Amino acid sequence: MLSEDETIGVIEIYRAASRRPFSDSEKQLTKSIVRWAQLVLASDEKLMASEKAQALGDFILEVIRNLFTKVKNMDNVIKVIMEHAKVLVRAERVTLFLVDHKKNELYSSILDIGDVDSAVFVQDETNEIRMKMPATGNRGLCRLPLSQGIVGYVARTGQPIRIADAYKDPRFYAKVDEGTQRITRSVLAVPLADGKQVVGVIEMLNKHQGVFTEDDEEFLVAYSIYCTLAINVARMYDRIYRSDKKYRVALEVLTYHNCVTEADVAAVLPFNIPENIPGITQYDFSPWDIPEEQEIPTVAYMVYDLAGRLIIDKMTLIRFMLTVRKNYRPISYHNWDHAFSVAHSMYFLLKVSEHRFVPIERVCLFVAAICHDLDHRGYDNRFMKKYSSPLASLYSSSPMEHHHFNMTITILQQRDHNIFRYFRNASYRNPGSVSVNRWKDDYKPEYTSFNFRMTVVSIAMPTCDLCAMFKPWDVQVKVVMLIMQEFWNQGDREKASANKPLSLMDRDEAVQLADGQVGFIRAICLPCYSTIVRVFPQVSAIVDAAQSNLKQWEAISKLSYEERERILQQQMKQKFAKIVRRTAMNISSHARK
């Protein structure tokens with residue numbers, strides 16, 4: 001009998017010598033029967049193959065269900081793989097080895113020896129590998145060099161091996177049997193491969209009733225694909241779990257060091273919150289000239305003036321503001337001084353708005369202003385993305401803005417830092433819904449909508465952020481030089497990486513400063529200021545002040561190169577007294593060290 005040109009069987013028919021020989025018709029009948037038998041056998045083979053494939057598919061689905069409910073623990077994954085592998089190919093024993101590519105070793109924490117759940121391989125004083133039976137629930141670690149044994153060969157070559165008689169194969173490591181006191185007869189070893197790299201080897205020992213077949217090998221190879229996936233998922237889960245724990249520890253340490261101590265709070269308490277600060281409600285007030293020891297009391301004054309002294313606890317407010325100040329880095333411009341000035345400008349706008357925002361909204365806007373650049377690193381978003389900063393990888397857009405917001409929330413969530421807990425829950429959850437009526441008296445109907453007020457906020461924030469451009473000329477020049485120092489530092493970093501910075505950030509083009517300021521005030525500042533004036537006509541003076549500064553920069557931009565260079569050198573020497581003192585203290589501190 002033939003099947004696709006291969007002999008699959010022979011039918012033998014005979015008669016006793018005393019009887020007549022077979023006739024031609026009987027021979028023809030026999031041939032017909034053989035043909036029918038071939039068809040039946042072929043059909044039966046296909047049916048058996050189909051049933052076997054179906055059984056394998058059902059088996060693997062069941063394994064997958066079991067595997068992926070246990071991926072949180074690698075040992076559990078290995079146990080499931082071993083248990084199901086034994087059933088799949090009807091083996092007496094099974095071991096799953098993982099590959100340690102750094103040490104060129106194979107290792108296994110669980111060794112199945114049939115009647116015993118697990119055992120441990122150890123090396124004795126002579127470096128001989130011996131098996132040690134563990135106490136219940138304990139596991140050791142078996143390590144073998146990649147150059148040794150059948151599993152080592154499979155790990156190196158990435159090819160499965162099927163051996164009918166282990167002791168006749170020179171690759172077999174017989175000392176394993178000495179340790180287990182078992183005899184290895186047949187072996188089937190299959191690699192667990194992730195792409196081109198072998199991550200493990202599953203070794204089956206001693207087929208029940210016979211030796212391992214080609215079908216066993218095919219089934220185990222198919223099974224190994226899912227085993228590899230489960231192991232990779234378990235490893236990934238373990239990495240995520242460990243990373244999460246490391247993150248929590250790091251966050252705890254960071255929180256401890258980034259929050260102020262009670263001693264820091266107590267040091268500020270002797271400074272009374274002023275009853276009145278001359279000129280603080282004016283746009284041209286200079287926060288940069290406030291002494292450092294008066295900064296927190298001044299901030300507290302503005303908060304209480306906006307929200308009332310009975311709403312927020314003094315200790316909580318001081319603790320929060322001190323921690324905010326601590327989380328600004330000592331960089332040239334985007335530091336606490338800048339945050340302080342932006343918060344003052346927001347205070348100025350809220351005061352001239354005649355309290356059309358309710359207390360919770362006013363405090364929200366003030367906090368947003370003073371926290372808007374928290375933990376700024378002195379580099380813009382373009383730089384962060386270009387040089388693959390972790391922050392740029394964490395956020396798809398505006399990485400620094402997302403980070404400033406998250407830093408604010410993190411501080412508010414620290415113990416005794418949440419200044420908003422003193423407001424009613426309804427106001428705290430939805431501050432924008434409670435002040436519509438405040439806009440009805442003096443404004444058009446569309447101005448009373450929530451969306452309109454949020455638009456006002458979206459204009460107010462950049463107006464405050466750009467407040468330096470409507471300050472008096474001597475203040476503005478000093479602030480501009482701080483800004484440029486930060487820009488030039490970024491440009492220096494880009495040059496050090498063999499990249500050309502924007503001309504604005506190129507220290508070698510500093511003489512073009514006036515041209516840059518003219519363009520910036522015209523294109524960015526004045527349109528922003530003019531828009532906020534349409535909502536709050538009382539602040540029209542900021543437009544006049546910005547235009548006055550614009551004229552100064554225009555006059556400088558028309559001078560000769562030499563004159564602009566001379567003026568630039570003079571401007572670079574102009575510094576706020578507070579910054580001069582701070583620099584001197586830093587130099588003195590470094591000298592003592």
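Sort through 289, 305, 284, 244 and tell me the only one that's charged (D, E, K, R) and within 36 Å of the chain's Cα centre (by Cα).
Working: 289 fails: within 36 Å of the chain's Cα centre (by Cα); 305 fails: within 36 Å of the chain's Cα centre (by Cα); 284 fails: within 36 Å of the chain's Cα centre (by Cα).
One residue alone meets the criteria, 244.
For the condition touching a residue at least 24 places away in the same chain (Cβ under 8 Å) and touching an Asp or Glu at 6+ places or on another chain (Cβ under 6 Å), residue 193 does not qualify. For region 217-232, the count of residues that are under 22 Å from the mean Cα position of the chain (by Cα) and either more than 30 Å from residue 344 (Cα to Cα) or of a type outside the set (S, T, N, Q) (or both) is nonzero. Taking the options 159, 123, 148, name whichever one is modelled with pLDDT under 75 and either surrounded by fewer than 17 Cβ atoms within 10 Å (Cβ to Cβ) or assigned by TED's automatic domain parsing to the domain that holds residue 205 (or both). Unique residue meeting the criteria: 123.
Residue check: is residue 332 at pLDDT 90 or above and under 20 Å from residue 362 (Cα atoms)? No, not satisfied.
State whether one or more residues within region 495-511 are among the hydroxyl-bearing types (Ser, Thr, Tyr), touching a residue at least 24 places away in the same chain (Cβ under 8 Å) and in a helix (DSSP H, G or I). Checked region 495-511: no residue is among the hydroxyl-bearing types (Ser, Thr, Tyr), touching a residue at least 24 places away in the same chain (Cβ under 8 Å) and in a helix (DSSP H, G or I).
So for region 261-276 (the condition being among the hydrophobic types (A, V, I, L, M, F, W, C) and in contact (Cβ under 8 Å) with a residue 60 or more places away in the chain), does at least one residue qualify? Walk me through how you get there before you give the answer.
Start the filter on region 261-276 by keeping residues that are among the hydrophobic types (A, V, I, L, M, F, W, C), which leaves 263, 265-269, 271, 273.
Now narrow it down to the ones that are in contact (Cβ under 8 Å) with a residue 60 or more places away in the chain: none.
Within region 261-276 (the criterion being among the hydrophobic types (A, V, I, L, M, F, W, C) and in contact (Cβ under 8 Å) with a residue 60 or more places away in the chain), the answer is no, since none of the residues qualifies.
Of the numbered criteria (1) touching a helix residue (DSSP H, G or I) at 6+ places or on another chain (Cβ under 8 Å); (2) aromatic (Phe, Trp, Tyr); (3) over 22 Å from residue 362 (Cβ atoms), the one residue 285 fails is (3).
Summed over region 532-562, the residues that are of a type outside the set (Ser, Thr, Tyr) and not in a helix (DSSP H, G or I) give a count of 3. Within region 287-301, the set of residues being touching a residue at least 60 places away in the same chain (Cβ under 8 Å) and surrounded by fewer than 17 Cβ atoms within 10 Å (Cβ to Cβ) comprises 289, 291, 292.
The values are calculated or read from the model by the stated rules, or taken from the named source; none is laboratory data. These numbers come from a predicted model, not from an experiment. Heads up, the Cβs are rebuilt from the backbone with ideal geometry, glycines too, and the neighbour counts pull from every protein chain shown.
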